[in-house]
Every structure is written in structure tokens, then in C-alpha cells.
1. So, in nm, how far is label E208 from label R113 when the simple model puts each one 7 Å beyond its Cα toward the Cβ?
2. Taking the Cα-to-Cβ direction at L195 and at S142 and moving 7 Å from each Cα, how far apart do the two end points lie in nm?
3. Say R0 is 35 Å: what FRET efficiency, to the nearest 0.05, do T172 and D97 get from their beta-carbon distance?
4. Rounded to the nearest 0.05, what FRET efficiency do D53 and L239 have when you use their Cβ-Cβ distance and R0 = 45 Å?
5. So what's the gap between the Cα centers of segment 102-124 and segment 158-183, to the nearest angstrom?
6. Distance in nm between label sites at L183 and L4, each 7 Å beyond Cα in the beta-carbon direction?
7. From the protein chains alone at 1.4 Å, what is the descending order of accessible area for V190, V75, V131, largest first?
8. In square angstrom, rounded to the nearest 10, how much accessible surface does R135 have for a 1.4 Å probe?
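The values are calculated or read from the model by the stated rules, or taken from the named source; none is laboratory data. Just so it is clear, the structure is predicted and the values come from calculations on it, not from any experiment. Cβ placement follows ideal geometry from the backbone for every residue including glycine, while neighbour counts extend to all protein chains displayed. The protein model used for the area step is the full one, side chains on, heavy atoms only, and it has no ligands, DNA or RNA in it. Shrake-Rupley method; radii C 1.70, N 1.55, O 1.52, S 1.80 Å.
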Amino acid sequence: MIGLVLILIGIALGVLGWVLLRSTGGGWRLGRLLAAAPLRSLAEAATIAASGDEAYVRLHGRIDSTEEFPGDTGVPLVFRRRRLQRASTAGVWRRPDWKTFDDERLAVPFGLRQRDAQVAIDTDALGDGLVVIPRVSEGVASDLAGDDAIETTPEMPGDTPVRMRIELVASTDHCTATGVPRLSSDGGVVLGPGLGRPLILTTLDPDEAMRVLAADRRSVLAPAAALLVVAPILIVVGLIAALLGA
């Protein structure tokens, strides 16, 4: 009887942990894909693309571009995304959910390079899969009044919490990217989404990337992870107890 109870408790905790994990959004999936994708060299990615096979792989190299544009601090950039977000109703554990109402992107063609090998990045497909340390400033909706740089401002009370989130990729960065390498129309190799998985690009090391992905949901991820660790232990203990009692 005790064994059955432990098994049922373990299953319930596992389901609860999974529900909490899913409630955090897509960040946990991006982190899992970034960690699980097999690492390949850029030369191997070119071979995969030439073969016509589709494989979701992880690549690493330095940013390479013949075009760039100056950032606010003078650092040459190849990608800039600025999002204005408003706080919607509180989510799990009363943390706000941020909804984007203005999304501005500026990008030039760029890719990754290792020695003589190069793989282009499909910048049009680069969205929430970009994982960098964002620049975030918070305020209220009334702070946005009169800002001509903002194209879309929905009707909302002046005291609505809003934030500006800016993500940058510099031409001096080294990056890790995951995606499917394919041949482009000009005969080059381009990395993009595929096999039901997104294009991911990060300028951070894996541990730091995981922290950034979990930044808005740490209060949920910690208990979810604990539940998913405890659940199989209880199930195993319950099975052992059931077998011993049989």
C-alpha cells in the first residue's frame, strides 16, 4: 500500500513539475535545444548542406560580415532588435507576462566563420531564438508620450508598466548557433530553422545563456526542476516498496 501511494505521489509531482515547466514559455525549449544539438564544424555543416540531408546541428564561430552599422556606443553591429512591451495580467505565481506591442529590427547579412569556412545566418528567421544579455529599461506608459521613434502605441492607462528590451549582436562577437544548414540560391550555406525547431543564436557561453533564458521565470523553474528530480525518486522507491511488500 505504501509503495502504491509513493508511486501515485511521484506521478502527481512529475505532472505538476511538467505543467510548471510548460508555463514558463519557450525559454526552456530553447535551452534544451541549445544543449542537445550535436556540435559540428562549419566545414561539416557545408557537407551536410551539399548532401541535401537535413540535420539540426550546433555551430560555433566568429561573426563575419562585409556590412555593419554603428551602435549607440560606437560598437559595430550586425543585428539590433528593440521591443517595447507592456505588462499583462500576472502569470504563474503572479509574475507579469510581457506582451510586445512594438518590434523594431535592423540587420545586415552576416554569418559565422572558422578559418576558411563560412555559414550565413538566416537573419529573417532570427527572432526569439536570439539569446544575448538584453538591455532592459522599465517605466510606465505615460513615459512613451511624444516619442516619435515609437510607431505603435496601443491604448492603455498611463500607469501601465512598460519596458524596452534591446538585443544586440556585434561584428566582434563569437557566437553559437543551432539550426539546419542548407544551400542558398547563390551556392553558399545558410543556417536557418527546420525540422520543427527554431534558429537559435547566442553570444554567451551555455551556462550564461541558460540564466538569460530563465531570467523572467526563475521562481517557477526552480520548483519545477525540484519536482522533476523528486518525482522519479519517489516512483522508484514506491516500486521497490511494492515489490518488497508483494
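1. 2.2 nm
2. 5.3 nm
3. Details: r = 34 Å, r/R0 = 0.98.
With R0 = 35 Å, the Cβ-Cβ based efficiency is 0.55.
4. Numbers: r = 41 Å, r/R0 = 0.92.
E between D53 and L239, to the nearest 0.05, is 0.60.
5. With segment 102-124 and segment 158-183 each reduced to a Cα centre, they are spaced 11 Å.
6. Label-label distance for L183 and L4, simple model: 6.3 nm.
7. Values: V190 40, V75 60, V131 5 Å².
I get V75, V190, V131, largest accessible area first.
8. Answer for R135: close to 110 Å² accessible.
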